Amino acid sequence: MDNLFDLTGKVAIVTGSTKGIGKAIAEQMANHGAQVVVSSRKEDACQEVADSINAALEGKAGGATPIACHIGHKEQLENLVNETRSRLGKIDILVCNAAVNPFYGSMLDIPDSAFEKILDSNVKSNHWLCQLVLPEMVERKDGVILIVSSVGGLNGSAVLGTYGVSKAADMAMARNIAAEFGLHNIRANAIAPGLIRTDFARALWENSDTLKATTANASLRRIGEPEEIAGTAVFLASAAGSFMTGQTLVVDGGR
Ligand code: NAP
């Protein structure tokens with residue numbers, strides 16, 4: 001094998017890939033030869049990011065196709081999977097990246113609606129999407145599932161507790177899929193990023209004092225950039241990660 005990280009010929013869906021970590025993963029998977037589906041709630045944003053990925057490839061292998069999808073709606077997830085199959089033929093790699101966190105504060109105060117939204121979007125939607133793509137992977141005897149979790153799923157938090165519960169569930173989901181479908185040559189892993197400079201985590205890095213306090217315990221003493229998660233995703237999706245399954249990779253600058 002010439003290049004262990006080559007994804008030429010692979011089709012990858014990346015949810016929430018018009019910004020931040022998902023966008024960096026889509027860009028790098030396309031750079032490594034994959035046909036990626038760029039997805040988020042906004043059709044125009046999907047088109048814009050897919051266009052910019054295609055333009056940057058300058059005729060190299062790989063490519064990007066925009067398909068909008070709100071992960072909270074099962075029929076939109078079904079449409080994402082069906083449209084991908086009809087336009088690109090198959091799904092080799094699924095990256096469950098989009099997630100929400102509508103609440104910051106004590107668990108005593110979280111409204112049921114916010115609790116349910118976090119569990120629905122961060123856990124149930126990933127479960128639905130995996131249910132939709134796994135049968136095809138089983139039939140082909142090949143497939144990779146990546147779930148973007150968080151260090152919040154490993155550490156306790158006084159203010160982001162329910163989000164952490166959902167992200168711990170994502171790690172369990174990756175382990176369960178690995179255990180159940182490994183005999184079909186399907187691998188599933190979770191990635192647990194630390195603090196990454198995206199809109200999602202803006203409240204934790206915009207203010208320089210907050211940023212300093214948040215990164216003080218990290219070996220690298222700094223925030224991460226979205227591109228620094230993309231390499232882990234390419235590794236796990238490619239032949240380079242072919243004996244790796246059921247794991248959670250922490251990528252957090254040594255925090
Ligand atoms: P981000 O920069 O805010 O990007 C989120 C992406 O998801 C956007 O493309 C957004 O586009 C899309 N999105 C949001 N809600 C969606 C929905 N309901 N359905 C479909 N798409 C949706 O966020 P990020 O920081 O990259 O986060 C990506 C993942 O990394 C999440 O799972 C998050 O929990 C995890 N993570 C982030 C950090 C961090 O420090 N940033 C740390 C650990 C883990 P639209 O709004 O246009 O739909």
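Residues that are within 21 Å of Ser238 (Cα to Cα), out of contact with any His (no Cβ under 9 Å at 6 or more places or on another chain) and of a type outside the set (Ser, Thr, Tyr): does region 147-168 have at least one?
From region 147-168, those within 21 Å of Ser238 (Cα to Cα) are 147-149; that's our starting set.
Next, only the ones that are out of contact with any His (no Cβ under 9 Å at 6 or more places or on another chain) stay: 147-149.
With the extra rule that they be of a type outside the set (Ser, Thr, Tyr), the set shrinks to 147-148.
Within region 147-168 (the criterion being within 21 Å of Ser238 (Cα to Cα), out of contact with any His (no Cβ under 9 Å at 6 or more places or on another chain) and of a type outside the set (Ser, Thr, Tyr)), the answer is yes, since at least one residue qualifies.
Kindly check whether there is at least one residue in region 41-58 that is under 30 Å from Ser113 (Cα atoms), among the β-branched types (Val, Ile, Thr) and more than 9 Å from the ligand (Cβ to nearest atom). Show your work before the answer.
Going residue by residue through region 41-58, those that are under 30 Å from Ser113 (Cα atoms) are 41-46.
Narrowing further to those that are among the β-branched types (Val, Ile, Thr): none.
Within region 41-58, not a single residue is under 30 Å from Ser113 (Cα atoms), among the β-branched types (Val, Ile, Thr) and more than 9 Å from the ligand (Cβ to nearest atom).
Determine, yes or no, whether Ala168 is of a type in the set (A, V, I, L, M, F, W, C) and surrounded by fewer than 21 Cβ atoms within 10 Å (Cβ to Cβ).
On the way: of a type in the set (A, V, I, L, M, F, W, C): yes; surrounded by fewer than 21 Cβ atoms within 10 Å (Cβ to Cβ): yes.
It is true that Ala168 is of a type in the set (A, V, I, L, M, F, W, C) and surrounded by fewer than 21 Cβ atoms within 10 Å (Cβ to Cβ).
Go through region 183-221 and count every residue that is of a type in the set (Ser, Thr, Tyr) and not in a loop (DSSP other than H, G, I, E, B). Spell out how you get there, then give the answer.
Our first condition is that a residue be of a type in the set (Ser, Thr, Tyr); within region 183-221, this holds for 198, 208, 210, 214-215, 219.
Okay, now just the ones that are also not in a loop (DSSP other than H, G, I, E, B), so 208, 210, 214-215.
Within region 183-221, residues that are of a type in the set (Ser, Thr, Tyr) and not in a loop (DSSP other than H, G, I, E, B) number 4.
Please pick out the residue among Ala99, Ala68 that is more than 8 Å from the ligand (Cβ to nearest atom) and out of contact with any Leu (no Cβ under 7 Å at 6 or more places or on another chain).
Details: Ala99 fails: more than 8 Å from the ligand (Cβ to nearest atom).
When all the criteria are applied, what remains is Ala68.
Has region 200-208 got at least one residue that is modelled with pLDDT under 95, within 13 Å of the ligand (Cβ to nearest atom) and surrounded by 14 or more Cβ atoms within 10 Å (Cβ to Cβ)?
Yes, the conditions are met somewhere in region 200-208.
Only one residue in Gly224, Gly241, Gly194, Gly254 is without any contact (Cβ under 8 Å) to a residue 40 or more places away in the chain and crowded, with 17+ Cβ neighbours inside 10 Å. Which one? Write out each step before concluding.
Working: Gly241 fails: without any contact (Cβ under 8 Å) to a residue 40 or more places away in the chain; Gly194 fails: without any contact (Cβ under 8 Å) to a residue 40 or more places away in the chain; Gly254 fails: crowded, with 17+ Cβ neighbours inside 10 Å.
Checking each option against the conditions leaves just Gly224.
Which of the residues spanning region 63-75 are of a type in the set (Gly, Ala, Ser) and buried (at least 22 other Cβ atoms within 10 Å of the Cβ)? I'd like the intermediate steps shown before the answer.
Taking region 63-75 first, the residues of a type in the set (Gly, Ala, Ser) are 63-64, 68, 72.
If the condition is that a residue be of a type in the set (Gly, Ala, Ser) and buried (at least 22 other Cβ atoms within 10 Å of the Cβ), then Ala64 is the only one that fits.
Quick check on this structure: which one of Val165, Val151, Val159 is within 20 Å of the chain's Cα centre (by Cα), under 22 Å from Gly105 (Cα atoms) and more than 10 Å from the ligand (Cβ to nearest atom)? Walk me through it before giving the result.
On the way: Val151 fails: more than 10 Å from the ligand (Cβ to nearest atom); Val159 fails: within 20 Å of the chain's Cα centre (by Cα).
Residue meeting the stated conditions: Val165.
Just checking, which of Glu58, Glu27, Glu48 is among the acidic types (Asp, Glu) and under 22 Å from Ala190 (Cβ atoms)?
Numbers: Glu58 fails: under 22 Å from Ala190 (Cβ atoms); Glu48 fails: under 22 Å from Ala190 (Cβ atoms).
None of the other options fit; the residue is Glu27.
Return the pair list, or none, for Cβ contacts closer than 8 Å from residues in region 1-29 that are touching a residue at least 60 places away in the same chain (Cβ under 8 Å) to residues that are hydroxyl-bearing (Ser, Thr, Tyr) and more than 9 Å from the ligand (Cβ to nearest atom), at least 6 apart or on different chains.
Every condition considered, the pairs that remain are Leu4/Ser238; Phe5/Ser238; Asp6/Ser238; Leu7/Ser238; Val11/Thr84; Ile13/Thr84.
Which one of the conditions (1) in contact (Cβ under 8 Å) with a residue 12 or more places away in the chain; (2) farther than 22 Å from Val250 by Cα does Thr214 fail to meet, given that it meets all the rest?
(2)
Considering every residue within region 73-90, establish whether at least one is under 20 Å from Phe200 (Cβ atoms) and either in contact with a strand residue (DSSP E or B) (Cβ under 7 Å, 6 or more places away or on another chain) or in contact (Cβ under 8 Å) with a residue 40 or more places away in the chain (or both).
no
Considering Gly246, Gly231, which residue is under 16 Å from the mean Cα position of the chain (by Cα), surrounded by fewer than 21 Cβ atoms within 10 Å (Cβ to Cβ), touching a residue at least 40 places away in the same chain (Cβ under 8 Å) and part of a helix (DSSP H, G or I)? Before you say what the answer is, go through the steps one by one.
Values: Gly246 fails: part of a helix (DSSP H, G or I).
Exactly one residue qualifies, and that residue is Gly231.
Within region 15-33, does at least one residue satisfy the condition of being among the acidic types (Asp, Glu), at pLDDT 95 or above and more than 28 Å from Ser242 (Cα to Cα)?
Step one: of region 15-33, the residues among the acidic types (Asp, Glu) are 27.
The next check asks that each one be at pLDDT 95 or above; those that pass are 27.
When the remaining residues are screened for being more than 28 Å from Ser242 (Cα to Cα), the result is none.
Scanning region 15-33, I find no residue that is among the acidic types (Asp, Glu), at pLDDT 95 or above and more than 28 Å from Ser242 (Cα to Cα), so the answer is no.
Return the pair list, or none, for Cβ contacts closer than 7 Å from residues in region 113-126 that are farther than 12 Å from Thr162 by Cα to residues that are among the acidic types (Asp, Glu), at least 6 apart or on different chains.
Asn126/Asp170
The values are calculated or read from the model by the stated rules, or taken from the named source; none is laboratory data. Treat the numbers as computed from the prediction; the structure is a model and nothing was measured. So basically every Cβ, Gly included, is an ideal-geometry build from the backbone, and we count neighbours across all protein chains shown.
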